[in-house]
Amino acid sequence: MAYIELSGVTKRFGKVAAVNRLDLSIEQGECVAMLGPSGCGKTTTLRMVAGFEDLDDGEIRVGDRVISSKKKHFYLPPENRNFGMVFQAFAVWPHMSVFENVAFPLRIRKLPREEIQARAEEALKHTNLWSVAEGSPDDLSGGGKQRVALARALAIRPDVMLLDEPLSSLDPHFREEMRFEIKDLQRRFHHSILYVTHDQSEAMALSDRILVMKGGVVQQVGSPLEIYGAPANRFVFEFIGLSSFLQVALRDGRMEVAGASYAPPAPPPPELAAAGGAWLAARPNEIAFSTEGGVSGTVERKAYLGEVIDYRVRVGEAEVRVQKTRREPGPEVGETCGLIFARPRWYPLEG
Amino acid sequence: MTTAVPAAQPRFGTAQILLALSVAILVIVVAVPVLLIFFNAFWVQGQFNVVDVIKVLSQHETYQALLNSLILASGVTVTGTIVGTFFAWLVTRTDLPFKGTMKVLFLVPFMLPSFIGALAWKMLLSPRSGYINRLFMDLLGLDGPVFDIYTYGGIILVETMYLFPFVFIQVAGALERMDPTLEESARISGADLFTITRKITIPLVMPSILSGSLLIMLYSMAHFGTVAVLGIEVGIYNIPTLIYEKIHQSAGSFASIRTGTVLASVLVVTAAFIMWLQNKVLARGKYQIIAGKSFRPSELKLRGLRVPMLLFCIAYIGFTIVLPTVTIFMVGGLRTYGLPFTAENMTLDNYKFILFDWQLTRDAIWNSVSLGFSAALITMTAGVIISYVIVKMKVRGKGILEFLGMLPFSVPGSVIALGVILAWSGKFGVNIYNTVWIILVAYIARYMAFSLKANSAALEQVHDSLVEAARASGATMWQALKDIVVPLVRPGMLAAFFLIFLPALRELTVSVLLYGPTTRTIGVAIYTLNEDGETVYSAALAGIALIIIVFGESVIKRLFKVGRKG
């Protein structure tokens, strides 16, 4: 059985379901990222796991104990869950020194003084804060403050680490550095991590599995590769990475775009063919230009982005984005070209 | 720093005129009176004299007044801080029902004049004739009163009711702005709510608690009305009431004026010290605890205490706001003070009499309205000019202005009044003592700080480039001021006007030291009528004053709501 198990977890604010029947299991030592746009329910889910929010339905267990259950009307208070949590706004206490911040949870647990000293020191050394331990966290940069928060969570030796957008208050160059530090610490301590973010590259770099959410509903759960390579629906496809879409009509084994009829680049799934229309989706770097054949369009814009050239091709009402490396030949602005969809995917028109 | 405009013009330019004008206003209105007080206290017969000052302070009467001020101020500070912090926590951090309404209601005491409250409490709890005391004496057959309001405890109780919002506002604000994850991270670290409150929440809002309680101390120290109504009768004087007593008895005798100036000097020094301490607390405690994106703070579930706590709040508000207000209106409607509240004893004649027939009260209402209006208008205008020089102009010597402008913040009303008497009763060729003009001058000095604060805040929002663009388009300095700056700071000016007009309407401390036979203000009239035993007329006038104040406050609220939308 999985280490952390969320089953049928539901949270309503008024009549709106912020989280709707969410199932998720996390193995010991696994890092799972919850990814989605703001308001999708990912932070609410994390707060339910932490114990700050009650459930409107479902159950959460860790190991062999139930920590939140609507049916049993039982909620283990957050202070008794033995979790470590890192917040977006750092939440380090400005009236305590860096050391006292990290020692606070240990003092609450009434550990012997030598152990408090030893564990705080260890956590501070792992996060490169030992030299500023006696200083005020207010004198540290955002990255420094977040390391204090991380050290505080580590010192607990938590059963589970909860990270709520820990990097989004940081400057971009710190963000990448901290990302590696977190990954490094996870490898060393083998924590189970539940990580909330709206940044897909963060989720890709850090996690073993990603859960994509939208409107309180899970869209897909899978490894970063699966999420990127085989998105379950149009939303996931669009949310992860760059994407181009064409709305096509499907009739008699052919597809129609902007009044012209083509042979489809691959046979569409039968249920979509039966429905008579679909989205044809592709990554911009998986579309090729051809002089003969392919969906016909006109190049409207061409921008050099260093290594990559970014094309905007008009096909009827739609605009298709194509990216090629700067060594590959391509059409000029105003020229007509054919678009070959090398790795096409099909998604239903609604939803 | 280059002083572009003025340095290029060696002649006497607009900037210099404005600066000279501003300095002149502040020196004449604010600095001279305060300096005269120190001068009179320490300079006797042509020489500096500290021995006499100590002699004056060690007289039993003055020493006792100093001690009383300290006792009362400390008592009010302690109780007010506890009450204010508790209610602030209750309306921000628990699931108390009707929290929003309660929060507004707890701020009501701010707009009620405390001496009117003291008057009401005198009617309710004076040892022999107080309604509550009599009720219990009749009901339970007691010999003595249940509670004697003419005591240190009574004065502290009444002042607490009107001063606790200083702490309430500061602490509620801090608790609301505080990032809730600071507390959540403590919870997930294993701390229970009690530990979090003790180790995280209270230390983080401590600067706000302290700064609020220092404000209570500052006001209580210099507070006249409540002690005058409840203390003088039984010989409890604090510094401002003793100053009042000295000046009134003296009819200008040198010895009492000296005692007054010595007491006033002590008050100024103490007030300045408290202000300095408050600034220090605020500067040291600038923790960055402001929330970013965040969930609402976790509320303590009161569970079984939810309804009792609500009832407690309602009882508190009923007891401290509704009961005194109702008492004022009821007593104001009695045919004779002391009669029971039965239908045949009630009448509206008192209200009619003081509004339309009695010269004394009609004068008082007219004086207060016209004084308040003129003081507000003059102070607002002067405030704009001075703030403009302080905030916007690059002229040398504006540091003096900043200092002079902040000075009135730490100068209590009774000190200003005494200083104004010293400055304007003929010593320097102008004698306006016993006229309405001396009150006007004192009001301007007292409220200048309000105007500077509101106008500086508004002016800081107007970026320099707006004026520079006007000058570049060919406007002179005056045209730029008139067409660009004034329209943009109009909301600030309006705020300043009402910040002065409303308090001036109910002013007592300053005018009670300055009034003459025909220059009573509303506050003075209420106070003296009560002293003279005309309790029902005093109450009726107090009722009228309350109506004017509440009406004025709601007009402002509406005005600013509309202004903000536009």
- Task: Run down A:Met213, A:Met204 and say which single residue is at pLDDT 90 or above, assigned by TED's automatic domain parsing to the domain that holds A:Ala153 and either touching a Lys or Arg at 6+ places or on another chain (Cβ under 8 Å) or of a type in the set (Lys, Arg) (or both).
- Result: A:Met213
- Task: Keeping to segment A:200-216, report how many residues are surrounded by fewer than 16 Cβ atoms within 10 Å (Cβ to Cβ) and in contact (Cβ under 8 Å) with a residue 12 or more places away in the chain.
- Result: 2
- Residues B:Val262, B:Val205: which one is in a helix (DSSP H, G or I) and within 14 Å of another protein chain (Cβ to nearest Cβ)? B:Val205
- Task: Specify the residue that is modelled with the lowest pLDDT; the eligible residues are those in segment A:293-351 that are closer than 15 Å to A:Ser243 by Cβ and of a type in the set (Lys, Arg).
- Result: A:Arg343
- Query: Among the residues of segment A:298-318, how many are touching a Ser or Thr at 6+ places or on another chain (Cβ under 9 Å) and free of Cβ contacts under 8 Å to residues at least 40 places away in the same chain?
  - Reply: 7
- Message: Looking at A:Ser38, A:Ser25, A:Ser69, can you tell me which residue is of a type in the set (Ser, Thr, Tyr), more than 22 Å from the chain's Cα centre (by Cα) and modelled with pLDDT under 95?
- Response: A:Ser69
- Task: Considering every residue within segment A:1-11, establish whether at least one is over 25 Å from the mean Cα position of the chain (by Cα), on the phi > 0 side of the Ramachandran plot and without any contact (Cβ under 8 Å) to a residue 60 or more places away in the chain.
- Result: no
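Here is a yes/no grid of residues against (1) closer than 15 Å to B:Trp366 by Cβ; (2) crowded, with 20+ Cβ neighbours inside 10 Å:
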residue: B:Val486; (1), (2): no, no
residue: B:Ile500; (1), (2): no, yes
residue: B:Leu508; (1), (2): no, yes
residue: B:Leu514; (1), (2): no, yes
residue: B:Thr518; (1), (2): yes, no
residue: B:Ile522; (1), (2): yes, yes
residue: B:Gly533; (1), (2): no, no
- Task: Evaluate segment B:124-131: report whether one residue or more is among the basic types (Lys, Arg) and not in a helix (DSSP H, G or I).
- Result: yes
- Message: Based on this model, can you work out whether A:Pro268 counts as assigned to a loop (DSSP other than H, G, I, E, B), out of contact with any Lys or Arg (no Cβ under 6 Å at 6 or more places or on another chain) and either at pLDDT below 90 or not assigned by TED's automatic domain parsing to the domain that holds A:Arg187 (or both)?
- Response: yes
- Task: Answer yes or no: is there a residue in segment B:156-165 that is in a loop (DSSP other than H, G, I, E, B) and within 14 Å of chain A (Cβ to nearest Cβ).
- Result: no
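Here's the yes/no breakdown for (1) of a type in the set (Ser, Thr, Tyr); (2) more than 8 Å from chain B (Cβ to nearest Cβ); (3) in contact (Cβ under 8 Å) with a residue 24 or more places away in the chain:
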position: A:Leu55; (1), (2), (3): no, yes, yes
position: A:Asp64; (1), (2), (3): no, yes, no
position: A:Lys71; (1), (2), (3): no, yes, no
position: A:Phe74; (1), (2), (3): no, yes, no
position: A:Phe83; (1), (2), (3): no, no, yes
position: A:Trp93; (1), (2), (3): no, no, yes
position: A:Ser97; (1), (2), (3): yes, yes, yes
position: A:Glu100; (1), (2), (3): no, yes, no
position: A:Ala103; (1), (2), (3): no, yes, yes
- So which of B:Gly75, B:Gly100 is part of a helix (DSSP H, G or I) and either under 20 Å from the mean Cα position of the chain (by Cα) or surrounded by 15 or more Cβ atoms within 10 Å (Cβ to Cβ) (or both)? B:Gly75
- For segment A:223-243, does any single residue satisfy the condition of being part of a strand (DSSP E or B) and surrounded by 13 or more Cβ atoms within 10 Å (Cβ to Cβ)? no
- Note on the structure: Among (1) within 14 Å of B:Ser189 (Cα to Cα); (2) among the polar types (S, T, N, Q); (3) more than 10 Å from every other protein chain (Cβ to nearest Cβ), A:Ser25 falls short only on (1)
- Regarding B:Ala174, is this residue closer than 20 Å to A:Asn80 by Cβ and within 14 Å of chain A (Cβ to nearest Cβ)? no
- Message: Among (1) closer than 18 Å to A:Val218 by Cα; (2) away from chain B (no Cβ under 14 Å), there is one condition A:Thr44 misses while meeting the rest; what is its number?
- Response: (2)
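The values are calculated or read from the model by the stated rules, or taken from the named source; none is laboratory data. The structure presented is a predicted model; accordingly, all values stated were derived computationally and were not measured. Ideal geometry is used to build each Cβ from the backbone, glycine not excepted, and the neighbour counts take in all protein chains shown.
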